[in-house]
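Heads up: the structure comes next, in structure tokens.
The values are calculated or read from the model by the stated rules, or taken from the named source; none is laboratory data. Computed from a prediction, not measured in an experiment: that's the story for all the values here. For neighbour counting, all protein chains shown are included, and Cβ atoms are generated from backbone atoms with ideal geometry for every residue, glycine included. Heavy atoms of the whole protein, side chains included, go into the accessibility calculation; ligands, DNA and RNA do not. Shrake-Rupley method; radii C 1.70, N 1.55, O 1.52, S 1.80 Å.
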Amino acid sequence: MNLNTKKIFQKAENGRYAIPQLNVSSADQMKAVVKAAEKLRSPIMFGTSEGESGFLGMEQAVVLANFYEKKTGLPVILNADHTKSLEKVKQYLDAGYNSIHFDGSLLPYEENLELTKKAVKMCREVSEDISVEGELGQIGGTGSSKVFEEKIEIKDEYLTDPKQALEFVETTGVDRLGVSIGNMHGISKVAMPKLDMQRLSELQETLKGKCVLVLHGASGIPDEDVKKSVELGIRKINVNTELRVVFSSAIKEKLEEGEITPYKFIAPAQEKMQKVVEEKMLICGSNGKA
Ligand code: G3H
Ligand code: 13P
Ligand code: ZN
């Protein structure tokens, strides 16, 4: 990937749209994302959690991302989502990822600050084109992208404090910040938490021009609320669970019909996933921005 990933977000800021980060577990899912992006001429941003990159292979993910960048001519960002250790940051950088999300949000504040600062330094030493995301505040849920039967509690103390966020961004030098504004990872079947738009406005006001604001856990959030968050300054939206749900339920349906040929049970899942990705690109307004 031959791209200054920071410039892609600068363009999004100027145009007041967001780029969806689509999490993928497999090459099949990457293809579904690419088809959506090609159709809508949107920049591509893949995300892989530690579990996803462990399964797919970091180097394989990079090879595929490079391949699709060349094949489509679209900008491709490959983000190491929720990286929890500096050892893993090094592995992602060695493999060739062009975007790193270091997530120290569950650590004590000072530790998060120190480790994120080190992660930024490691990335800058490799290339100024690599963008780095930090995270401050606790996002609801268990950290996994799954469907919950129960309601997920979001405590006030989870929410990102704007003043602390400013100090965090200025001290660490991150390019992007994942914020907690009532969002959760995964989907609750009972009730999705409401986003705190007032807090988002305050974060935007405080961090304007200093970093890109990221909304994790976009699955299950009503489209109108996602659009509102983009109006209020969110420039990256992370989506995983909705893609997992549509992909796996389409496969399940075919398997239950007795289908055993992988290209026959995976292809419909890719088509359905592609549609969801297209919807997310349209909601974010990244269509036509490649
Ligand atoms: O943001 C959370 C990630 O999408 C979680 O992925 O369920 O593979 O740990 P995971
Ligand atoms: P969801 O699984 O809730 O869409 O969250 C994805 C995410 O935040 C990836 O970092
Ligand atoms: Zn996330």
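Given (1) of a type outside the set (Phe, Trp, Tyr); (2) touching a helix residue (DSSP H, G or I) at 6+ places or on another chain (Cβ under 9 Å); (3) surrounded by fewer than 24 Cβ atoms within 10 Å (Cβ to Cβ); (4) not in a helix (DSSP H, G or I), identify the lone condition not met by Glu205.
Exception for Glu205: condition (4).
Rundown of residues vs (1) within 16 Å of ligand 3 (Cβ to nearest atom); (2) in contact (Cβ under 8 Å) with a residue 24 or more places away in the chain; (3) touching a helix residue (DSSP H, G or I) at 6+ places or on another chain (Cβ under 8 Å); (4) of a type in the set (D, E, K, R), yes/no style:
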{"position": "Lys31", "(1), (2), (3), (4)": "no, yes, yes, yes"}
{"position": "Leu40", "(1), (2), (3), (4)": "no, yes, yes, no"}
{"position": "Phe55", "(1), (2), (3), (4)": "no, yes, no, no"}
{"position": "Tyr68", "(1), (2), (3), (4)": "no, yes, yes, no"}
{"position": "Pro75", "(1), (2), (3), (4)": "no, yes, yes, no"}
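Would you mind telling me which numbered condition in (1) of a type in the set (S, T, N, Q); (2) more than 24 Å from Ala267 (Cβ to Cβ); (3) surrounded by fewer than 19 Cβ atoms within 10 Å (Cβ to Cβ) Ser99 fails?
Among (1) of a type in the set (S, T, N, Q); (2) more than 24 Å from Ala267 (Cβ to Cβ); (3) surrounded by fewer than 19 Cβ atoms within 10 Å (Cβ to Cβ), the lone unmet condition for Ser99 is (3).
Identify, by number, the condition in (1) of a type in the set (S, T, N, Q); (2) over 20 Å from His101 (Cβ atoms); (3) loosely packed, with under 15 Cβ neighbours inside 10 Å that Ser188 doesn't meet.
Among (1) of a type in the set (S, T, N, Q); (2) over 20 Å from His101 (Cβ atoms); (3) loosely packed, with under 15 Cβ neighbours inside 10 Å, Ser188 violates only (3).
Exactly one condition in (1) part of a helix (DSSP H, G or I); (2) in contact (Cβ under 8 Å) with a residue 24 or more places away in the chain is not met by Glu114; state its number.
Looking at each condition in turn, Glu114 falls short on (2).
Going by the structure shown, is Asn112 buried (at least 20 other Cβ atoms within 10 Å of the Cβ), of a type in the set (S, T, N, Q) and farther than 30 Å from Val245 by Cα?
yes
Taking the stretch 208-244 as the search range and keeping residues that are of a type in the set (A, V, I, L, M, F, W, C) and open to solvent by 20 Å² or more (accessible area, probe 1.4 Å), which one is farthest from ligand 1 (Cβ to nearest atom)?
Once the filter is applied, the top-ranked residue is Leu232.
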